[in-house]
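K.L.:
Sending over a structure as structure tokens; questions will come in a sec.
The values are calculated or read from the model by the stated rules, or taken from the named source; none is laboratory data. No experiment lies behind these values; they were computed from the predicted model shown. A quick note on method: Cβ atoms are made from the backbone with ideal geometry, for glycine too, and the neighbour counts reach across all protein chains shown.
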Amino acid sequence: LKSLFVSTVSHDLKTPLTSIKIIAELMQQKKDLPAAWLKEYAELIEGETDRLTRLINNVLNFSKIERGIKDYNFSTIYLNDIVRNTLRIMKYQLKSQNVTVKMSLLENEEPVQGDADALTEVIINLISNAVKYSLERREIHIATWIEKGEAALSVQDFGIGIPAEKIESIFEPYYRVKSERAERVSGIGLGLSIVKHILDAHHCRIAVKSVVGEGSTFTLYFPLESNEEHSTP
Ligand code: ADP
């Protein structure tokens, strides 16, 4: 497991590094590049460094979780803000992979208690997976709503889906679905275990609905701040 982990992480680090090096070489070789090309190269470098950062953040977060030292800074937050911020961070990745994002965000949403950075990591992982495991129809739907005293947020894709009997296991560290389509996608199997740890710290439930060949929806249910206040004696 350890050697598979090292080789996958190294492979996932090497791909963006190779792209950055190629771009740097191109920029040095060709003088007087048009401004539009320079902009595109700069965007590529930014996108590739974001990819590196995401991978390293996951490895660091997982190591903190394993050692029991991951801590959280809770404050009053709005889920729509987390969604918008995440999409801003992932703008380049989504654009370069031709992903269409459709949003249906609740107006006048109620706040929840949460760690904004940690929840951003959660949504980054869910959106990254939605993109990675959508081999043909590259479309993601993100929604927020209120349901039975909880604030809900869903990330839906129309990708390869997850077999029903595997859904429980996908939150275990290093677990990856073994299927021809899933194994074509690179990954280390840590993202969803980090997601689960962060959500547990938020007393947030996660529900997964998935149909193989049709897609998956991951829905998060947060206790509303207003309800928590009422339930405090
Ligand atoms: P990784 O993507 O690095 O393998 P994760 O912990 O994020 O690790 O996910 C665990 C496994 O769950 C993945 O390997 C994949 O098999 C499955 N999975 C997660 N999200 C999706 C999705 N949106 N569609 C299909 N399969 C998914």
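K.L.:
Any residue in region 89-96 that is within 17 Å of Asn61 (Cα to Cα), in contact (Cβ under 8 Å) with a residue 24 or more places away in the chain and within 16 Å of the ligand (Cβ to nearest atom)?
P.N.:
no
K.L.:
Counting only residues that are over 24 Å from Pro16 (Cα atoms) and under 13 Å from the mean Cα position of the chain (by Cα), give me the strands (runs of 3 or more DSSP E) lying completely in region 39-152 with at least 1 of them.
P.N.:
Output list reads 139-147.
K.L.:
Follow-up. Among the numbered conditions (1) surrounded by fewer than 20 Cβ atoms within 10 Å (Cβ to Cβ); (2) at pLDDT 95 or above, tell me where Glu110 comes up short.
P.N.:
Among (1) surrounded by fewer than 20 Cβ atoms within 10 Å (Cβ to Cβ); (2) at pLDDT 95 or above, the lone unmet condition for Glu110 is (2).
K.L.:
Sticking with this one: Is there a residue in region 218-230 that is assigned to a helix (DSSP H, G or I) and among the aromatic types (Phe, Trp, Tyr)?
P.N.:
No, region 218-230 contains no residue that is assigned to a helix (DSSP H, G or I) and among the aromatic types (Phe, Trp, Tyr).
K.L.:
OK, next. Among the residues of region 108-139, how many are more than 18 Å from Arg184 (Cα to Cα) and of a type in the set (D, E, K, R)?
P.N.:
6
K.L.:
Just give me the residues in region 166-180 being near the ligand (Cβ under 7 Å from one of its atoms) and without any contact (Cβ under 8 Å) to a residue 24 or more places away in the chain, in sequence order.
P.N.:
Tyr175, Arg176, Val177
K.L.:
A further question follows. How about region 149-165: which of its residues are of a type in the set (D, E, K, R), more than 12 Å from the ligand (Cβ to nearest atom) and under 25 Å from Arg84 (Cβ atoms)?
P.N.:
Within region 149-165, Glu150 is the sole residue that qualifies.
K.L.:
Across region 153-180, what is the total count of residues that are surrounded by 15 or more Cβ atoms within 10 Å (Cβ to Cβ) and assigned to a helix (DSSP H, G or I)?
P.N.:
Final tally of qualifying residues: 3.
K.L.:
Restrict the check to region 181-201 and report whether at least one residue is more than 14 Å from the ligand (Cβ to nearest atom) and either assigned to a loop (DSSP other than H, G, I, E, B) or free of Cβ contacts under 8 Å to residues at least 40 places away in the same chain (or both).
P.N.:
Yes - at least one qualifying residue is present in region 181-201.
K.L.:
Is it the case that Ser134 is touching a Gly at 6+ places or on another chain (Cβ under 9 Å) and within 12 Å of the ligand (Cβ to nearest atom)?
P.N.:
yes
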